[in-house]
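Heads up, the thing below is written out as structure tokens.
The values are calculated or read from the model by the stated rules, or taken from the named source; none is laboratory data. Values in this document were obtained by computation on a predicted structure and should not be read as measured data. Backbone-built Cβ (ideal geometry, glycine too); neighbour counts: all protein chains shown. Surface areas here come from the heavy atoms of the whole protein model, side chains and all, with no ligands, DNA or RNA. Shrake-Rupley method; radii C 1.70, N 1.55, O 1.52, S 1.80 Å.
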Amino acid sequence: MKHLKNITYILLTILFSSCIESVEFPSTSFESNLVVKAIITNEFKNHSVELSRTIPIESEEVSPEKNATVIITNESGVTYNFQETGEGIYTSTSSFSAQLNQKYTLSIETASGEKYSSSSEQLPIIAEINDIAANTETNSNDESVIAFKVNATGNNNEGSYYRYEYEETYKIRAFIWNSKRIRVLSDVPPFDFDLVDKEPEIYGNGFCYGYGKSNNILITETKTLAQDQVQGFKIREIPIDSYLVGLRYSILLKQYVLNQNTYDYYLLLDKFSDPNDIFSQTQVGNIPSNIKSETNPEKDKVIGFFEVSSITSKRFFFNRNDITDLSYKNYTDSNACDEFPKPAFDNGFGSSPLLDFLQTHIFYNEPPGGIGGPSGAPYEVVLRQCGDCSHLGAVKEPDFWTE
């Protein structure tokens, strides 16, 4: 893996120091190592384990580890079997939850007979999320942002280790909205169209709901504090003029309490690697794992970690006017939405300008005089992105959404 890292540095140097010609380097020796993503928690559910193989740095295809045998065992001898439910994805055959005062071990045997096992990991004490505060501030880049910070309370007199993930949902308003749409009655001469009401279940009502999730490592600890309390730990910041926080914003926060082994792993991963890389089979550097090869421990290295953590989650909603009275920028430039062509039904040469426009535009309005009016065209249209936000999110309100 060190050779791959050196090649990466060389490639970057060539990229930034030369604009004349590209240089291709041949692949060096490559080690196919097992990549493991395995997390079990106190949630009662079917847990999953993802297995794959490292890939060469120039490769983009995922290499799932198929047909493996995956087992998790606790120290009382209870065994949880996993079956492959997708390529390289193994799901427990029964629902279970990790219990306090129990240690758990992950065992893997590949289709080729290689065996791996983890160290024993114990479930930490659960901690509660108190709230999330949203406030405006200036970040380290001198940008005005809305910062979301969590407060939590744990039950460990000696302090705890914490990791956070989030899923965000944000309400978007279409830049221009009309409840009518143009229906094509005939796409061959004689061309024919009419106006109908948009079906809400298909087109919505002018609002969309975008989605995102955390993709970086968010960890903190209270071991060095007088109390097991997380106070004002920043989990997300968004530019204050962003449409993501333009109307109403929701965040589902997941809080993991970690044991020290798991915290140390994420701490190293945060310092030396990209968290997206480790689970997509490309890895720079060598982050220690708690999973070892039993077949060839000296040469067969494992990337990833077997995590046993307690989890709590909580959803929060924020309205923009509760945070700031500053205006926001919509998802598209208003200058792109100030033109309203009026294409004709038929150009007299066997084609329809309106039909062509409907590939990129949607109905905006009926010109004065309507069909056959002074403009000689039946409808005004506008760029699809201006009158439809569905390219940014679902038109249907999520089940959890409240106003």
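Structure data summary
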| read-out | value |
| --- | --- |
| Phi to ³J(HN,Hα) by Karplus 6.51 cos²θ - 1.76 cosθ + 1.60 over the stretch 36-50, Hz, x for Gly, Pro | 10, 10, 9, 10, 10, 9, 7, 6, 7, 6, 7, 7, 9, 10, 10 |
| Accessible area in the full protein assembly, largest first, 1.4 Å probe, for K396, K149 | K396, K149 |
| Inter-label distance for D346 and N67, nm, one decimal - labels placed 7 Å from Cα along Cα-to-Cβ | 6.4 |
| Modelled label reach - S144, point 7 Å along Cα→Cβ, the stretch 310-341 residues with backbone N closer than 16 Å | 320-330 |
| Linear extension gain, K45 paired with E128, 0.36 nm per residue minus alpha-carbon span | 27.9 nm |
| Solvent-accessible area, 1.4 Å probe, carbon plus sulfur percent, for the stretch 81-163 | 36 |
| Candidate aspartates and glutamates - alpha carbon under 15 Å from K299, same-chain residues fewer than 8 apart omitted | E31, E114 |
| Given K198/K314; K66/K171; K198/K254; K171/K271; K66/K292, the pairs whose alpha carbons are separated by over 29 Å | K198/K314; K66/K171; K198/K254; K171/K271 |
| Segment S327-D264, extension gain: residue separation times 0.36 nm, minus the distance between their alpha carbons | 18.5 nm |
| Solvent-accessible surface ranking, highest first, for Y170, Y328 at 1.4 angstrom | Y328, Y170 |
| Protein-only accessible surface order, largest first, of F345, F193 at 1.4 Å | F345, F193 |
| Protection-proxy order for peptides 133-141, 385-393, each taking the mean of Cβ atoms within 10 Å per residue, highest first | 385-393, 133-141 |
| Separation in nanometres of the label points that stand 7 Å from Cα toward Cβ, at N335 and S242 | 2.4 |
| Gyration tensor (alpha-carbon) shape descriptor, the chain, a/c threshold 1.5 | prolate |
| Using a Förster distance of 25 Å, the FRET efficiency for L252-Q359 (Cβ separation, nearest 0.05) | 0.10 |
| Crossing angle, helix 260-272 versus the chain [Cα axis fit, 0-90 degrees, rounded to tens] | 50 |
